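Reading through the structure tokens given below for one structure.
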Amino acid sequence: TNNTSSIPSPTIAITSLEDGQEVPSGELTINGISSDDTDSDCLVYSDVNDVAPLQNATAAGPNGEDDFSQWTFAYTEDYHLITEGANELTAKISCFGSGNPTPMSEWHSVNVTGVAANTSATTDEPTTDEGATSNEDEASLNADGEEEGILEGIPGVPPSG
């Protein structure tokens, strides 16, 4: 018989989120790392709020489709969306060894808070004058007696008027 106590326990961590973090409710993709390598036979699973069954994560390690040293999992409508309020996200690694009928497993969980998704449209175009300099306080008169902003003439700043 094999002495399983000499085999190191597998490790796993969710790396894309921190415990206590706020996340948008709805779909969410998490990333993580594990102790899986080319010499081990491991699988990674994930769940939310202990909703069974555990779901298969996707291997994302550099050694191909069975390399769970890096992994990813997406919470979608197909399994379970992130809800508003408390959500416990759990990742599990199970490694199967020769001669060991029971896999060695380890878990890692983070607690996140789902918040309502922002419903206002966002654009890359500025829509307000936030951060603009007031010409009343920082203006001078030019030779023609017209108000001239102190930012005129600086590259990237359009002339006023």
- Task: Go over the candidates ALA86, ALA52 one by one and state the one that is in a loop (DSSP other than H, G, I, E, B), open to solvent by 50 Å² or more (accessible area, probe 1.4 Å) and either closer than 19 Å to HIS108 by Cα or touching a residue at least 40 places away in the same chain (Cβ under 8 Å) (or both).
- Result: ALA52
- Of the residues in the range 105-122, those that are part of a loop (DSSP other than H, G, I, E, B), open to solvent by 70 Å² or more (accessible area, probe 1.4 Å) and in contact (Cβ under 8 Å) with a residue 60 or more places away in the chain number 1
- From the set of residues in the range 1-41 that are modelled with pLDDT under 95 and open to solvent by less than 70 Å² (accessible area, probe 1.4 Å), which is nearest to LYS92 (Cα to Cα)? SER40
- Regarding PRO10, is this residue free of Cβ contacts under 8 Å to residues at least 40 places away in the same chain and either out of contact with any Lys or Arg (no Cβ under 8 Å at 6 or more places or on another chain) or not in a strand (DSSP E or B) (or both)? no
- Taking the range 55-68 and keeping residues of a type outside the set (Val, Ile, Thr) and open to solvent by 30 Å² or more (accessible area, probe 1.4 Å) leaves GLN55, ASN56, ALA60, PRO62, ASN63, GLY64, GLU65, ASP66
- Qualifying positions in the range 89-104 - touching a residue at least 60 places away in the same chain (Cβ under 8 Å) and either open to solvent by less than 50 Å² (accessible area, probe 1.4 Å) or of a type in the set (A, V, I, L, M) (or both): LEU89, ALA91, LYS92, ILE93, SER94, CYS95, GLY97, ASN100, MET104
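The values are calculated or read from the model by the stated rules, or taken from the named source; none is laboratory data. What you are looking at is a predicted structure, and each value in this text was computed from that prediction instead of being measured. Glycine also receives a Cβ, built like all others from the backbone with ideal geometry; neighbour counts cover every protein chain displayed. Surface areas here come from the heavy atoms of the whole protein model, side chains and all, with no ligands, DNA or RNA. Shrake-Rupley method; radii C 1.70, N 1.55, O 1.52, S 1.80 Å.
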